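Read the structure below first, then the notes.
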Amino acid sequence: MVKKNVRKNNTKNCEIILNQLAKEYPSAKSELEFTNPLECLIATMLSAQCTDQRVNMVTKNLFARYKRPEDYLNIDISQLEKLVKSCNYYKTKSKHIIEACKILVEKHDGTVPDDRDALMALPGVGRKTANVVLSNAFGVPAIAVDTHVFRVSNRIGIIEAKDPMKAEEQLMQVIKKNRWSDAHHWLILHGRRVCKARKPSCEKCIVSEWCIYYQKNNDGGAQ
């Protein structure tokens, strides 16, 4: 059987692929539940290595009790640990939340900054978390590269990157700035629902026609 001449990348088809994903997920947005930048920050910090559904169960009670950074400074860390215990790495996350709130109070008048460097200076906040907060809480165009975004964009062939930083750089080059935040959500949802890590559902994929992974592993139909 003759193998297909598989394209090396999909950068030229990126716009087409994004348009297909936009049609498939027209209401795509963060699945974390929050009402302000502080809640967005804390929810995102808790979401590391944890499902959004689990985080939402935890933050429903947490956010009802604590409204401001100052509120987190007036509780014992053991109390916070108890409230977020069902999240993975809850001890470390509790420590980082309290430390971050202290910095917010001391250096930012109790408000969450809308600056990437200032966000990344907070304990427990890396570039991905900072980008999520910028995008979802402040409407700043950003691409947060989580495991889904990294996997899906590489599989489809929009990019060819070996680490999240390179992935973000490449995605920012091939995607128009006004679509960065939306593309982030489209890729996440596609990764969760279709392009799963262990067994992607290629037969259900609406972008398989342009997908490098699909071309390499199929002869015109799902196997």
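The values are calculated or read from the model by the stated rules, or taken from the named source; none is laboratory data. A quick note: this is a predicted structure, and the numbers were derived from the prediction, not measured. Every residue, glycine among them, receives a Cβ derived from its backbone with ideal geometry; neighbour counts consider all protein chains shown.
Filter the range 183-201 for residues that are in a helix (DSSP H, G or I) and either polar (S, T, N, Q) or surrounded by fewer than 19 Cβ atoms within 10 Å (Cβ to Cβ) (or both) and give the result.
Arg192, Arg193
I need the full set of residues from the range 117-173 which are over 15 Å from Asn10 (Cα atoms) and among the small types (Gly, Ala, Ser), in order please.
Ala118, Ala121, Gly124, Gly126, Ala130, Ser135, Ala137, Gly139, Ala142, Ala144
Please specify each residue of the range 165-189 satisfying the condition of being among the small types (Gly, Ala, Ser) and under 15 Å from Thr147 (Cβ atoms).
Residue satisfying the conditions is Ala167 alone.
Based on this model, can you work out whether Asn19 counts as at pLDDT 95 or above and either surrounded by fewer than 12 Cβ atoms within 10 Å (Cβ to Cβ) or assigned by TED's automatic domain parsing to the domain that holds Trp210 (or both)? Show your work before the answer.
On the way: at pLDDT 95 or above: yes; either surrounded by fewer than 12 Cβ atoms within 10 Å (Cβ to Cβ) or assigned by TED's automatic domain parsing to the domain that holds Trp210 (or both): yes.
For Asn19, the condition - at pLDDT 95 or above and either surrounded by fewer than 12 Cβ atoms within 10 Å (Cβ to Cβ) or assigned by TED's automatic domain parsing to the domain that holds Trp210 (or both) - is met.
How many residues does the range 81-121 contain that are aromatic (Phe, Trp, Tyr) and either surrounded by fewer than 18 Cβ atoms within 10 Å (Cβ to Cβ) or more than 22 Å from Gln49 (Cβ to Cβ) (or both)?
1
Which residues, counting only those in the range 57-78, are farther than 20 Å from Glu33 by Cα and exposed (fewer than 13 other Cβ atoms within 10 Å of the Cβ)?
Applying the first criterion (farther than 20 Å from Glu33 by Cα) to the range 57-78 yields 70, 73-78.
Hits for the range 57-78 are Asn74, Asp76, Ser78.
Does Lys95 satisfy the criteria of being in the same structural domain as Gly124 (by TED's automatic domain parsing), under 24 Å from Ala118 (Cβ atoms) and assigned to a helix (DSSP H, G or I)?
Numbers: in the same structural domain as Gly124 (by TED's automatic domain parsing): yes; under 24 Å from Ala118 (Cβ atoms): yes; assigned to a helix (DSSP H, G or I): yes.
Yes; evaluated as a whole, the condition is true for this residue.
Can you find even one residue in the range 206-223 that is out of contact with any helix residue (DSSP H, G or I) (no Cβ under 6 Å at 6 or more places or on another chain) and modelled with pLDDT of 95 or more?
no
Any residue in the range 31-50 that is under 26 Å from Asp109 (Cβ atoms) sitting within a Cβ distance under 6 Å of a residue that is surrounded by fewer than 19 Cβ atoms within 10 Å (Cβ to Cβ)? List the pairs, counting only those 6 or more apart or interchain.
Leu32/Asp52; Glu33/Asn56; Glu39/Phe63
I'm trying to understand the selection: among the residues of the range 117-149, which are within 15 Å of the chain's Cα centre (by Cα), assigned to a helix (DSSP H, G or I) and charged (D, E, K, R)?
Hits for the range 117-149 are Arg127, Lys128.
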